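Here is the structure we will look at, set down as structure tokens.
The values are calculated or read from the model by the stated rules, or taken from the named source; none is laboratory data. Nothing here was measured: the structure is a model prediction, and the numbers come from that model. Cβ atoms come from the backbone with ideal geometry, glycine included; neighbour counts cover every protein chain shown. For accessibility, only protein heavy atoms count, side chains too; no ligands or nucleic acids. Shrake-Rupley method; radii C 1.70, N 1.55, O 1.52, S 1.80 Å.
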Amino acid sequence: MPTESETIELSEQELREIAGYAAACARRTLPIFEQSVSADARPRDAVDAAEAFAGGGRRTAALRQRAWAAYKAAQEAAPPAAVDAARAASHAAAAAFLHPKASAHQVKHILGAAAHAARAEELASEERATVTGTLEWARHHAPAAVVAVLGRLPAAPPGGGRVGEFIRDLDAALRT
């Protein structure tokens, strides 16, 4: 396992697959955000931008701005489920900017959209089975690039509350 100061191999194709995966995870929770904040398109725009990058688009400042805009939408949303849905969208767009550093923090960038989507669905439904289903979906839909890049990184870091727990659970499941 590399040390935290080392870099890892990370191809543009892997970044595209990771961003596409993150976008698919976040897209599942857009209705949760839009039900609460219907006039705010920033999370949807972020997911659309992540999907465009995943499909071969350029990694641009506009993509990064969409990630930040979705993050701001999360800060402005009131219902907790909507907050996590917007954070999932922000993570999806930001996944295109994953750093090739051998850092446990990078695991959060890879799996953040899935974890925030699971938290949004948990808060929206208040049923434990929903979270299990969301995390299982994320595990089964993770492309080979997600698993390969996670294998080059240290395990997910401690902390982060419930979302951190989801990141660690998903990270462990994908590494087995």
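Would you point out the residue of region 76-96, among those that are in contact with a helix residue (DSSP H, G or I) (Cβ under 8 Å, 6 or more places away or on another chain) and open to solvent by 30 Å² or more (accessible area, probe 1.4 Å), that is nearest to E126 (Cα to Cα)? Walk me through it before giving the result.
Here is the first cut: in region 76-96, the ones in contact with a helix residue (DSSP H, G or I) (Cβ under 8 Å, 6 or more places away or on another chain) are 77-96.
Applying the additional criterion that residues be open to solvent by 30 Å² or more (accessible area, probe 1.4 Å) yields 78-80, 87, 91, 94.
On the way: A78: 17, P79: 13, P80: 12, R87: 19, H91: 23, A94: 28 Å.
For region 76-96, the residue satisfying everything is P80.
Can you confirm whether region 133-140 contains a residue that is among the polar types (S, T, N, Q), in contact (Cβ under 8 Å) with a residue 24 or more places away in the chain and in a helix (DSSP H, G or I)? Walk me through how you get there before you give the answer.
Our first condition is that a residue be among the polar types (S, T, N, Q); within region 133-140, this holds for 134.
In the following step, the residues that additionally are in contact (Cβ under 8 Å) with a residue 24 or more places away in the chain were identified as 134.
Okay, now just the ones that are also in a helix (DSSP H, G or I), so 134.
Checked region 133-140: at least one residue is among the polar types (S, T, N, Q), in contact (Cβ under 8 Å) with a residue 24 or more places away in the chain and in a helix (DSSP H, G or I).
Within region 152-172, track down each residue that is out of contact with any Ser or Thr (no Cβ under 9 Å at 6 or more places or on another chain) and not in a loop (DSSP other than H, G, I, E, B).
Correct list: G161, R162, V163, G164, E165, I167, R168, D169, L170, D171, A172.
Of all residues in region 63-75 being of a type outside the set (A, V, I, L, M, F, W, C) and touching a helix residue (DSSP H, G or I) at 6+ places or on another chain (Cβ under 6 Å), which is surrounded by the fewest Cβ atoms within 10 Å (Cβ to Cβ)? Walk me through how you get there before you give the answer.
Start the filter on region 63-75 by keeping residues that are of a type outside the set (A, V, I, L, M, F, W, C), which leaves 64-66, 71-72, 75.
Still in the list and also touching a helix residue (DSSP H, G or I) at 6+ places or on another chain (Cβ under 6 Å): 66, 71.
Numbers: R66: 28, Y71: 20.
Selected residue: Y71.
For region 1-38, name all the residues that are hydrophobic (A, V, I, L, M, F, W, C), within 30 Å of S125 (Cα to Cα) and modelled with pLDDT of 95 or more. If you could, list the steps in order and put the result at the bottom.
Residues of region 1-38 that are hydrophobic (A, V, I, L, M, F, W, C), as a first pass: 1, 8, 10, 15, 18-19, 22-26, 30, 32-33, 37.
Those still in the list that are within 30 Å of S125 (Cα to Cα) too: 18-19, 22-26, 30, 32-33, 37.
Within region 1-38, I18, A19, A22, A23, A24, C25, A26, L30, I32, F33 qualify.
Which of the residues belonging to region 4-45 are open to solvent by less than 70 Å² (accessible area, probe 1.4 Å), of a type outside the set (A, V, I, L, M, F, W, C) and not in a helix (DSSP H, G or I)?
S11, T29, D40
Consider H116 carefully, then state whether it is in a helix (DSSP H, G or I) and either at positive phi or open to solvent by 50 Å² or more (accessible area, probe 1.4 Å) (or both).
So H116 does not fit the description; no.
Does region 93-112 contain at least one residue that is of a type in the set (F, W, Y) and within 24 Å of R58 (Cα to Cα)? Give the derivation first.
First, the residues of region 93-112 that are of a type in the set (F, W, Y): 97.
After this cut, where a residue has to be within 24 Å of R58 (Cα to Cα) as well, the list is 97.
Yes, region 93-112 has at least one match.
Please specify each residue of region 46-62 satisfying the condition of being surrounded by fewer than 21 Cβ atoms within 10 Å (Cβ to Cβ) and under 19 Å from F33 (Cβ atoms). I'd like the intermediate steps shown before the answer.
To start, the set of residues in region 46-62 that are surrounded by fewer than 21 Cβ atoms within 10 Å (Cβ to Cβ) comprises 48, 51-52, 55-62.
Once the filter is applied, which keeps residues that are surrounded by fewer than 21 Cβ atoms within 10 Å (Cβ to Cβ) and under 19 Å from F33 (Cβ atoms), region 46-62 yields D48, E51.
Out of all the residues in region 83-91, is one or more in a helix (DSSP H, G or I) and closer than 19 Å to Q13 by Cα?
Going through region 83-91, the residues in a helix (DSSP H, G or I) turn out to be 83-91.
Adding the requirement that they be closer than 19 Å to Q13 by Cα leaves 91.
Taking every residue of region 83-91 in turn, at least one turns out to be in a helix (DSSP H, G or I) and closer than 19 Å to Q13 by Cα.
Would you check which residues across region 126-144 are at negative phi and more than 14 Å from the chain's Cα centre (by Cα) and list them? Full working, then the answer.
Just the residues of region 126-144 that are at negative phi, to begin with: 127-144.
Of everything in region 126-144, those that are at negative phi and more than 14 Å from the chain's Cα centre (by Cα) turn out to be E127, R128, A129, T130, V131, T132, G133, E136, H140, A144.
Among the residues of region 146-166, how many are in contact with a Gly (Cβ under 9 Å, 6 or more places away or on another chain), under 23 Å from E6 (Cβ atoms) and open to solvent by less than 50 Å² (accessible area, probe 1.4 Å)? Even if it seems obvious, please write down each step before you answer.
The first filter runs over region 146-166 and keeps only residues in contact with a Gly (Cβ under 9 Å, 6 or more places away or on another chain), leaving 156-158, 163, 166.
Okay, now just the ones that are also under 23 Å from E6 (Cβ atoms), so 156-158.
If we keep only those that are open to solvent by less than 50 Å² (accessible area, probe 1.4 Å) as well, we get 156-157.
Number of matching residues: 2.
Which one of these does A102 not meet: (1) touching a residue at least 60 places away in the same chain (Cβ under 8 Å); (2) open to solvent by 10 Å² or more (accessible area, probe 1.4 Å); (3) more than 16 Å from L30 (Cα to Cα)?
(2)
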